[in-house]
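See below for the structure under consideration.
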Amino acid sequence: MIIARRELGGYFATPVAWVFIVVFLALQGVLTFNLGNFFDRNQADLLPFFQFIPWVFLLLVPAITMRLWADERRIGTIETLLTLPITRAQAVLGKFLAAWVFCAIALLLTFPFVISVHILGRPDDGVIAAGYLGCLLVAGAFLSVGAALSAATKNQVIAFVLAVAVCFVFAVSAYPLVTDFLSRNLPALGAIARRVSVISRFESFTRGVIELRDLIYFASFIGFWLFVNAVVVAHRSAD
């Protein structure tokens with residue numbers, strides 16, 4: 001928790017946090033109300049909001065994680081961090097939790113969207129709550145990937161590009177264009193691609209359906225990449 005508080009304070013000590021929040025809210029507003037045809041649909045729900053948020057996270061979450069470990073390695077403070085009376089796993093988890101809480105704060109600031117829907121109609125609050133839970137899990141999944149890749153390089157730009165690329169693969173892996181291609185050429189990979197897609201798992205939450213298998217998927221996904229993060233940190237610190 002000490003590491004998490006330190007990292008979270010570090011976000012708001014620089015313009016990065018405020019720029020992220022402003023860009024996030026602006027993008028979600030434009031995409032939801034303009035491209036999502038929010039008012040033309042005549043439905044009191046947040047489906048357009050939820051449809052676009054994974055793709056906004058795909059671009060913005062790596063911007064949060066690119067400095068998590070890459071910056072520590074670049075300025076040489078990673079050695080100091082790892083000499084503190086904490087384990088590497090605690091350091092990895094602390095940094096991840098700080099980034100996740102930051103994303104949760106950004107999501108909380110979208111409350112005007114919820115208020116707007118309640119003014120315009122009578123939405124299903126259960127569906128909205130499930131959608132927000134799904135958003136938080138998607139953010140956690142992308143954060144875990146970005147953190148692991150940030151630990152693998154000193155260059156923040158490289159960390160950003162790698163995180164966007166890997167997260168994009170997990171985002172589009174269940175799209176028909178991808179699954180059809182894999183089914184024709186690599187049938188085994190086609191079946192796996194459908195199962196590991198972050199977006200397809202998230203869609204259940206946007207319908208108000210919270211299934212145990214989806215929760216297990218996100219927990220396993222995040223746990224796996226945090227394990228990779230810890231292994232990479234251990235390997236790099238031994239170099």
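The values are calculated or read from the model by the stated rules, or taken from the named source; none is laboratory data. All values reported here derive from a predicted model rather than from experimental measurement. So basically every Cβ, Gly included, is an ideal-geometry build from the backbone, and we count neighbours across all protein chains shown.
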Practice task
Kindly indicate whether LEU35 is surrounded by 14 or more Cβ atoms within 10 Å (Cβ to Cβ), under 27 Å from ASP125 (Cα atoms) and of a type outside the set (S, T, N, Q).
Solution key: no
Practice task
Determine whether the stretch 120-135 contains at least one residue that is aliphatic (A, V, I, L, M) and modelled with pLDDT under 90.
Solution key: yes
Practice task
Sort out which residues of the stretch 120-177 are outside any helix (DSSP H, G or I) and out of contact with any Gly (no Cβ under 9 Å at 6 or more places or on another chain), and write them in order of number.
Solution key: GLY121, ARG122, PRO123, ALA151, ALA152, THR153, LYS154, ASN155, SER173, ALA174, TYR175
Fill in the blank from the handout: Flagged pairs (Cβ under 9 angstrom, 6 or more apart or on separate chains; first in the stretch 51-74, closer than 21 Å to GLY131 by Cα; second at pLDDT 90 or above and assigned to a loop (DSSP other than H, G, I, E, B)) are ILE53/THR110
Practice task
Name every residue in the stretch 205-219 that is surrounded by fewer than 16 Cβ atoms within 10 Å (Cβ to Cβ) and assigned to a helix (DSSP H, G or I), in order of residue number.
Solution key: LEU212, ARG213, LEU215, ILE216, ALA219
Problem - Criterion (within 16 Å of LEU107 (Cβ to Cβ), surrounded by 22 or more Cβ atoms within 10 Å (Cβ to Cβ), among the aliphatic types (A, V, I, L, M) and modelled with pLDDT of 85 or more) met by exactly one of LEU58, LEU46 - result: LEU46
Handout entry: Meets criteria (surrounded by 14 or more Cβ atoms within 10 Å (Cβ to Cβ), out of contact with any Ser or Thr (no Cβ under 6 Å at 6 or more places or on another chain) and under 16 Å from LEU68 (Cα atoms)) for ALA13
Key = no
Practice task
Please state which one of PHE102, PHE113, PHE142, PHE160 is among the aromatic types (Phe, Trp, Tyr), buried (at least 16 other Cβ atoms within 10 Å of the Cβ), in contact (Cβ under 8 Å) with a residue 40 or more places away in the chain and closer than 15 Å to TRP225 by Cα.
Solution key: PHE142
Problem - Filter result for THR87 (closer than 27 Å to ILE216 by Cα and out of contact with any helix residue (DSSP H, G or I) (no Cβ under 8 Å at 6 or more places or on another chain)) - result: yes
Handout entry: Matching residues, the stretch 1-22, being without any contact (Cβ under 8 Å) to a residue 40 or more places away in the chain and closer than 16 Å to LEU93 by Cβ
Key = none
